[in-house]
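Chemist: Here it is, the structure in full.
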Amino acid sequence: MAIHSVRQRIIFLFVSLVVAIQVIALGLITTANQQVARDSSTAALQRGERIFQRLQQQSQAQLEQGAAILSADFAFREAVATNDTATIASALRNHGARAKASAMMLISLERVVRADTLLPERVNTPFAYPDLIKEAEKDGKSSATVSINDVLFQLVVVPVLAPDPIAWVGLGYQVDDATARELQQLSGMDVTIASAGSAGAWILHATTLPEPLKADLLRHLQARGTLLPNEIDLVGETYETRVTSLPTGAGNSTITILQRPLAEGLLPFQRLNSAFFWLALASVALTIVGSAVIARKITDPINRLALAADKIHQGDYSSPIVVEQQDEIGTLAASFDQMRDGIASREKEIRRLAYRDGLTGLDNRAMFQERLEQVIRIAKRGGSYPSVLLLDLDRFKAINDTLGHPVGDMALKEIGQRLVGTLRASDSVARLGGDEFAILLPTGDAAHVGTVARKVQTALEAPIVIEGQSMDLGASIGIAYYPLHGEDVTALMRSADIAMYVAKHEKSGYAVFDPSYDEDRKSNLTLLGELRRAVENNELCMLYQPQLKIELGRMTAVEALVRWHHPAKGLVGPGEFIPFAEHTGSIGIITRWVVAAAVEQCGYWHRAGLSLRVSINISARDLREREGLPAFIAEALRSNTVPAGLIGLEITESALMEDPAGALATLERLHALGVTLSVDDYGTGYSSLAYLKELAVNELKIDQTFVMGMESDRQNLAIVRSTIELGHNLGLSVVAEGVETEFELRALTRLGCDFAQGYWIGRPMPVDELEAWLRAAHPA
């Protein structure tokens with residue numbers, strides 16, 4: 001039966017959750033109880049075993065005491081010394097009666113029985129348990145459990161001293177059902193004492209088990225011997241079982257079996273399970289009542305909102321929406337009331353203006369700004385703090401260029417739907433133009449805004465599949481809060497726009513506006529002017545880092561690295577101005593300066609007889625100059641009479657993927673010049689093997705993060721090995737960057753890497769230092 005009512009769904013959900021939890025809890029408790037019961041039974045068996053051992057020790061002590069008293073009796077010793085058989089037999093019977101011993105015997109030093117109250121026929125026969133005599137000779141006494149004519153006795157042997165041993169006295173108690181019952185009274189569990197007979201068959205000497213269980217236990221003993229499991233089944237009932245071996249004097253196996261019915265241990269827990277069942281039943285009943293009350297509190301305001309929405313649908317905007325709840329429903333009601341005010345005040349204008357984006361169906365820029373202005377007016381009356389999120393898609397240009405605008409349009413539609421799916425009904429999303437979107441959150445604190453930003457990122461990171469083509473997109477998001485970052489539409493949009501570009505530049509996903517970003521913009525403008533003057537005033541300089549040809553053990557190439565001698569800041573590294581130059585589009589003038597300086601230096605070395613290949617880094621923006629960059633490099637080679645093979649151009653893997661089609665066209669023109677082309681920082685981007693195969697490149701450079709981690713991380717070593725094999729299989733040479741230890745260089749040599757570059761080989765150096773370093777490294 002379908003459940004259409006929200007109230008019924010809430011009740012059903014709550015009851016289902018409670019029932020599921022109770023069922024799981026009952027299962028866990030039952031399992032735990034059974035384990036606890038077993039553990040309790042095991043502990044009880046262990047206590048019973050200790051009690052049995054103490055009783056056995058007490059019995060042994062009593063026997064030893066009785067034997068000692070007899071052996072110390074002067075008349076008895078005199079009778080033994082004179083071999084007075086009648087006196088010996090009388091003394092043994094009388095003392096055995098006083099000690100309540102079942103068997104009394106006298107053994108000569110030759111280990112021959114001289115008297116035996118239990119079996120007189122054994123007189124003048126060898127003593128059946130010589131090991132007891134040996135132990136008594138060693139320790140002064142001995143004790144063991146022995147079987148005499150299939151009857152079990154606890155036997156003690158002590159010497160008769162005068163003062164040296166003149167004979168041995170043995171006292172024995174019979175082990176029978178009375179013994180077992182005494183143990184049962186003390187331990188609270190069933191006791192069985194059994195031994196293996198001379199023919200190998202087991203005999204039950206003493207037991208508290210009833211007759212049917214005795215036969216079943218004997219069957220288990222005959223089948224498994226002393227290797228009984230911890231739980232055995234006796235006549236359909238499970239018994240916890242513990243087996244203890246007893247010391248014997250004739251090599252036969254004698255054991256004590258302690259048992260307790262498992263049901264006896266489970267009984268208290270069965271009562272607990274029953275109590276839990278009734279408690280669970282009561283909790284389900286209370287859940288039904290409670291969920292009905294909660295559902296009513298939720299659905300009644302929703303029904304009132306539905307009635308108000310129906311009035312708005314019919315064109316009645318006069319009735320205010322009143323829901324006196326300070327929760328999400330109250331927020332929803334406030335949003336409904338805002339919507340009612342907005343529709344009433346702008347209905348005529350909406351009919352005249354087109355407020356929707358024609359491609360995605362979302363609000364357009366005009367509508368978004370109208371909504372933002374309205375929310376700001378409401379916020380000024382108090383009670384809400386709206387936020388603006390501006391989104392700019394990452395890698396969308398590459399999709400348009402490679403797959404065409406129709407596919408790009410379908411991707412924009414999909415993105416619009418995903419954005420809508422991440423927001424509340426009171427929130428707004430708009431397409432401002434191109435690949436730029438905006439989100440308006442009328443309410444919510446900073447934590448909520450951050451959550452929304454992360455949800456948007458997650459939604460956009462999932463691949464988009466259009467016509468069988470999977471595309472990976474992302475977004476850079478800028479966030480601005482009212483009134484902290486602006487008190488009107490223009491200020492808020494500007495702040496969010498600045499934050500968005502910061503997020504894109506730093507690749508942080510999203511960024512909240514900070515006033516310092518405005519200062520950064522002003523600083524960037526200053527830096528841009530200084531950078532242009534640096535090129536004009538020749539403030540840039542070149543350093544060269546050597547590359548080792550591993551097979552030859554010689555330096556055959558260098559990488560050209562640019563530095564900036566700033567008039568005020570001193571030597572500035574490329575990390576402080578190259579990314580800025582790429583972002584602002586001024587990287588082209590720096591690239592041309594570097595190319596001119598590096599090619600000129602290469603020409604000087606070539607004419608001086610020093611054949612060094614010079615590698616130059618090329619940015620993603622440089623690759624967009626499909627005609628200008630190849631022409632400039634060709635002119636530099638011609639004017640400096642440098643063979644094209646002595647110049648290498650390095651392009652990062654991520655730069656290649658920003659515009660794959662454009663990069664491929666530019667690389668083909670550069671390849672036609674004859675220069676060496678290298679994929680820099682390979683392994684840190686996301687290029688496919690199929691795309692790599694199509695590139696007109698000659699070399700792969702393994703990123704230093706993998707090389708420097710080879711010694712401590714076997715995965716890095718595997719990545720380096722596979723990259724070298726991949727490059728060689730594609731006919732490419734391979735350069736390893738970041739070589740800083742001897743271990744790394746040796747590992748690269750074993751793996752067949754072609755070139756190595758890093759501080760272990762040599763640091764970046766000016767020209768004069770490099771030339772001196774080369775002369776020292778490779779003397780003529």
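The values are calculated or read from the model by the stated rules, or taken from the named source; none is laboratory data. As the structure is a prediction and not an experimental result, all values here were calculated from the model. Note that we place each Cβ from the backbone using ideal geometry, even for glycine, and neighbour counts take in every protein chain shown. Just the protein is used for accessible areas: all its heavy atoms, side chains included, with ligands, DNA and RNA removed. Shrake-Rupley method; radii C 1.70, N 1.55, O 1.52, S 1.80 Å.
Chemist: All but one of (1) surrounded by fewer than 17 Cβ atoms within 10 Å (Cβ to Cβ); (2) among the polar types (S, T, N, Q); (3) not in a helix (DSSP H, G or I) hold for S384; which doesn't?
Modeler: Failing condition for S384: (1).
Chemist: Now a separate question. What do you reckon, is L132 open to solvent by 60 Å² or more (accessible area, probe 1.4 Å) and assigned by TED's automatic domain parsing to the domain that holds V191?
Modeler: When the stated conditions are applied, L132 does not pass them.
Chemist: Restricting to segment 63-79, name every residue that is over 23 Å from A144 (Cβ atoms), touching a residue at least 60 places away in the same chain (Cβ under 8 Å) and open to solvent by less than 60 Å² (accessible area, probe 1.4 Å).
Modeler: F76
Chemist: In this structure, is K134 assigned to a helix (DSSP H, G or I), modelled with pLDDT of 85 or more and touching a strand residue (DSSP E or B) at 6+ places or on another chain (Cβ under 9 Å)?
Modeler: yes
Chemist: Tell me which residues, restricted to segment 437-461, are open to solvent by 40 Å² or more (accessible area, probe 1.4 Å) and either at pLDDT 90 or above or more than 17 Å from S495 (Cα to Cα) (or both).
Modeler: Once the filter is applied, which keeps residues that are open to solvent by 40 Å² or more (accessible area, probe 1.4 Å) and either at pLDDT 90 or above or more than 17 Å from S495 (Cα to Cα) (or both), segment 437-461 yields D445, A447, H448, T451, R454, K455, T458, E461.
Matching residues to (1) outside any loop (DSSP other than H, G, I, E, B); (2) in contact (Cβ under 8 Å) with a residue 40 or more places away in the chain; (3) under 22 Å from I719 (Cα atoms):
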position: G738; (1), (2), (3): no, no, yes
position: F743; (1), (2), (3): yes, no, yes
position: R746; (1), (2), (3): yes, no, yes
position: G758; (1), (2), (3): no, yes, yes
position: E769; (1), (2), (3): yes, no, no
position: W773; (1), (2), (3): yes, yes, no
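Chemist: When both residues are 6+ apart or on different chains and their Cβ atoms are under 9 Å apart, which pairs have a first residue that lies in segment 169-193 and is farther than 19 Å from L217 by Cβ, and a second that is open to solvent by 40 Å² or more (accessible area, probe 1.4 Å) and part of a strand (DSSP E or B)?
Modeler: Q174/V151
Chemist: Looking at this structure, is D177 surrounded by fewer than 14 Cβ atoms within 10 Å (Cβ to Cβ) and farther than 18 Å from A99 by Cβ?
Modeler: no
Chemist: Confirm whether A557 is part of a helix (DSSP H, G or I), open to solvent by less than 50 Å² (accessible area, probe 1.4 Å), in contact (Cβ under 8 Å) with a residue 40 or more places away in the chain and assigned by TED's automatic domain parsing to the domain that holds R750.
Modeler: When the stated conditions are applied, A557 does not pass them.
Chemist: Quick check on my filter: what residues within segment 227-245 are within 19 Å of R50 (Cα to Cα) and open to solvent by 30 Å² or more (accessible area, probe 1.4 Å)?
Modeler: Answer for segment 227-245, where residues must be within 19 Å of R50 (Cα to Cα) and open to solvent by 30 Å² or more (accessible area, probe 1.4 Å): N230, R242, V243, S245.
Chemist: At pLDDT below 95 and within 39 Å of the chain's Cα centre (by Cα), is that true of R746?
Modeler: yes
Chemist: Let me ask another. Would you tally the residues in segment 586-611 being open to solvent by less than 40 Å² (accessible area, probe 1.4 Å) and either modelled with pLDDT under 90 or in contact with a Leu (Cβ under 7 Å, 6 or more places away or on another chain) (or both)?
Modeler: 8
Chemist: If we only count helices (runs of 4 or more DSSP H) wholly inside segment 589-679, which ones have 2 or more residues that are of a type in the set (G, A, S)?
Modeler: 628-639, 653-658, 660-673
Chemist: Take the residues in segment 497-517 that are farther than 24 Å from G408 by Cβ and surrounded by 15 or more Cβ atoms within 10 Å (Cβ to Cβ), then tell me which one is modelled with the lowest pLDDT.
Modeler: Within segment 497-517, the match that is modelled with the lowest pLDDT is Y517.
Chemist: So, I702, is that one without any contact (Cβ under 8 Å) to a residue 60 or more places away in the chain, farther than 17 Å from E551 by Cα, of a type outside the set (S, T, Y) and surrounded by 19 or more Cβ atoms within 10 Å (Cβ to Cβ) or not?
Modeler: yes
Chemist: Can you name the number of the only condition in (1) closer than 27 Å to S335 by Cα; (2) surrounded by fewer than 19 Cβ atoms within 10 Å (Cβ to Cβ) that G404 fails?
Modeler: So the condition that G404 fails would be (1).
Chemist: Of all residues in segment 358-375, how many are over 19 Å from I498 (Cβ atoms) and either touching a residue at least 40 places away in the same chain (Cβ under 8 Å) or hydroxyl-bearing (S, T, Y) (or both)?
Modeler: 10
Chemist: Output yes when any residue across segment 422-431 is part of a helix (DSSP H, G or I) and either of a type in the set (D, E, K, R) or open to solvent by 60 Å² or more (accessible area, probe 1.4 Å) (or both), and no when none is.
Modeler: No, segment 422-431 contains no residue that is part of a helix (DSSP H, G or I) and either of a type in the set (D, E, K, R) or open to solvent by 60 Å² or more (accessible area, probe 1.4 Å) (or both).
Chemist: If D116 satisfies every condition in (1) under 24 Å from V151 (Cβ atoms); (2) open to solvent by 50 Å² or more (accessible area, probe 1.4 Å); (3) modelled with pLDDT of 80 or more but one, which is the exception?
Modeler: (2)
Chemist: What do you reckon, is I719 of a type in the set (V, I, T), in a loop (DSSP other than H, G, I, E, B) and in contact with a helix residue (DSSP H, G or I) (Cβ under 9 Å, 6 or more places away or on another chain)?
Modeler: no
Chemist: I'd like the residue in segment 462-492 that is in a helix (DSSP H, G or I) and of a type in the set (A, V, I, L, M) and, out of all such residues, is surrounded by the most Cβ atoms within 10 Å (Cβ to Cβ).
Modeler: Restricting to residues being in a helix (DSSP H, G or I) and of a type in the set (A, V, I, L, M), the top hit is L492.
Chemist: Quick check on V284: is it modelled with pLDDT of 70 or more, open to solvent by less than 50 Å² (accessible area, probe 1.4 Å) and not in a loop (DSSP other than H, G, I, E, B)?
Modeler: yes
Chemist: To continue, here is another question. Quick one: in segment 705-742, of everything that is within 15 Å of Q757 (Cα to Cα) and hydroxyl-bearing (S, T, Y), which residue is most open to solvent (accessible area, probe 1.4 Å)?
Modeler: Applying the filter and picking the extreme gives T705.
Chemist: Just to check your reading of the model, which residue among A756, A747 is of a type in the set (A, V, I, L, M) and touching a strand residue (DSSP E or B) at 6+ places or on another chain (Cβ under 7 Å)?
Modeler: A756
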